[in-house]
Each structure stands twice: as C-alpha cells, then as structure tokens.
Amino acid sequence: MITGNEIRTRFLKFFEQRGHTIVSSSSLVPHNDPTLLFTNAGMNQFKDLFLGKEKRDYTRATSSQKCVRAGGKHNDLENVGRTARHHTFFEMLGNFSFGDYFKKEAIAYAWEFLTEEMGLDKNHLYVTVYTDDDEAADIWHDQEGVPRERIFRFGEKDNFWSMGDTGPCGPCTEIFWDNGPEVGCDSPDCNVGCDCDRYMEIWNNVFMQFDRSADGTLTPLPKPSVDTRGSSPTTTPTCCAPLSLLSKRSAARSTATTSTTASPCGLSPTTVGPPPF
C-alpha cells in the first residue's frame, strides 16, 4: 500500500520536474488578509500573485498546504460524519501557474499524474466542467481522449470556485473516481454529482480568470492563471478532493489490511484501507 507521505512526495516531485518551485505551507492564520479567518485553500498565499499585485521569481509553484474548513464560505463542518470524504483539517496538494500555462497544460498534468504516475484506471474516471466551458470539455475529449459521455457539465455551485465572497475566482474542471455501484446509494439516478460516496472528487483545476468584488462584479485578471488542488491522504484528515478516498473502493469491498500513518501536525492518526494503485 502506498502511504500519504509517498503520495505527497511523488506529487511535489512530479511538478518540480515540470518547472514548478516547491513552496512551503503557509500559516493556518493568513497574514494580511482580513477576508479569511483560516487558510482554506492552497491558493491563499498566492492571492496577490493571481491579482497581479505581487511578483516572485517563479511563475509555477507546487505545495502541500495545511487548511481548515470549519466556517466561512468553504465550511465542511456540517458534512463531517455524514460522508466518507469530509473533514475540517487537511493538507491540500496543489500546482499553480501565474500567467504561465493555462487549461491545456493543467488538464494534461492532472491526467498524466493520475493515470501514469499513480496508475489509476481511466475506466473509473469521470470529469466535470463549468456549464458553458466548451474549451475545457474539448480539451478533455480531443487532447486526453475522455469520451463525451464521461464529461459532465455543472453550474456555478459545483464548477465555479472562489476563495471567498471576494477575490480571485473562475470556472473549474474536476476529476471523479467511481468507487462502483456497491458503494453508491442504489438510486437508479445515481451519477456524477450525486451526494453519495460512489463518485468521489479527487482533483480540481480552477482556471483563475476573474476578481470578484463585493458587489459581485467579475473583473478579468491581468493574466489568466491556474489553481489546482487535491488533498494529501492518510497523513492528515482530508476534505473534498482527497486522493486517499480511492482507498474506500477497496475498503468497501473487503476488510483489507489497513495502514495507520501519524499526522505530521500532531493530530490523531488516520486509518485507511489500501488504495487501488
């Protein structure tokens, strides 16, 4: 069984080998950002880069960011214990482009990491795009060979991400793993987007294109950018996009041997079953 530490290392090295600078996790309490009480995403520390207010000596970054989602816009507290995929504290793996690459490269990196680096079966993967994002849908089909029937379109609630009520935001495309019908809700209408644990989000590419003001106005950003996230498994509790959730597929079918990995943050260990890679 692969551990969470190994997945984190492979993720960071994968993107470092593709020109990304590894950036350390920032504080759980954001500095100089009154819009957030706690860091809720890997992109928080890069907010001013997305807005064009700051420049650094790199245009590509990758990180494993400690996050809390227990209040505010991204509050998962009410879902803890109700699903197999929500917790309040977790590590979010991310790769970021600040005006460098955009949709084609972000989608290619995501697919390559999951299907080649991690060896996931493409037949268990589905993708979603924002309702009118024909460009992303075409990239998934034409560039990566995902069948049209495996590409789903959803509206702003599911496929348009923003850090908070204001700030950088944009349409997103997500990758889901199918745990199989035996893990689902048994509804004949169960499909990608169902609230049960059959289809589980494991990746989210956000195409940062706008700055949302307090009145809801969307102003195009100086340079379209990429904010990608998945959650680091087994080492800490996980949230909405954990790679560790792939282990649920095996754990749900048998009482397979589990592995416990201590949290690097002093939290209680998390026990999971073996993932399918």
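The values are calculated or read from the model by the stated rules, or taken from the named source; none is laboratory data. Since the model is a prediction, treat every value here as computed from it, not as a measurement. SASA here: full protein model, heavy atoms, side chains in, ligands and nucleic acids out. Shrake-Rupley method; radii C 1.70, N 1.55, O 1.52, S 1.80 Å.
Here are a few things to note about the model shown:
- √(5λ) per eigenvalue of the Cα gyration tensor, segment 62-192, largest first, Å: 23, 22, 16
- Accessible carbon and sulfur surface of segment 16-105 relative to its total accessible area, %, 1.4 Å: 47 percent
- Among the listed pairs LYS103/LYS223; LYS66/LYS103; LYS13/LYS104; LYS13/LYS53, those whose Cα-Cα separation exceeds 23 Å are LYS66/LYS103; LYS13/LYS53.
- Taking the centroid of alpha carbons for each part, segment 119-134 and segment 159-186 are 11 Å apart.
- The mean accessible area for residues of segment 136-227, using a 1.4 Å probe and ignoring ligands and nucleic acids, is 43 Å² per residue.
- Theoretical gain in end-to-end length, ASN123 to ARG18 [0.36 nm per residue, Cα-Cα removed]: 35.2 nm
- Sequentially through segment 163-173, phi angles give Karplus couplings (6.51, -1.76, 1.60; θ = phi - 60°) of 5, x, 5, 10, x, x, 7, x, x, 9, 10 Hz, Gly and Pro residues having no value and appearing as x.
- Residue-wise HN-Hα coupling along segment 129-146, computed from phi with Karplus coefficients 6.51, -1.76, 1.60 (Hz; x: Gly, Pro): 9, 5, 3, 10, 8, 5, 4, 5, 4, 5, 5, 4, 7, 6, 8, 9, x, 6
- Working note: Karplus 6.51/-1.76/1.60 with θ = phi - 60° gives segment 11-16 the couplings 4, 5, 5, 4, 7, 4 Hz, where Gly and Pro are set to x.
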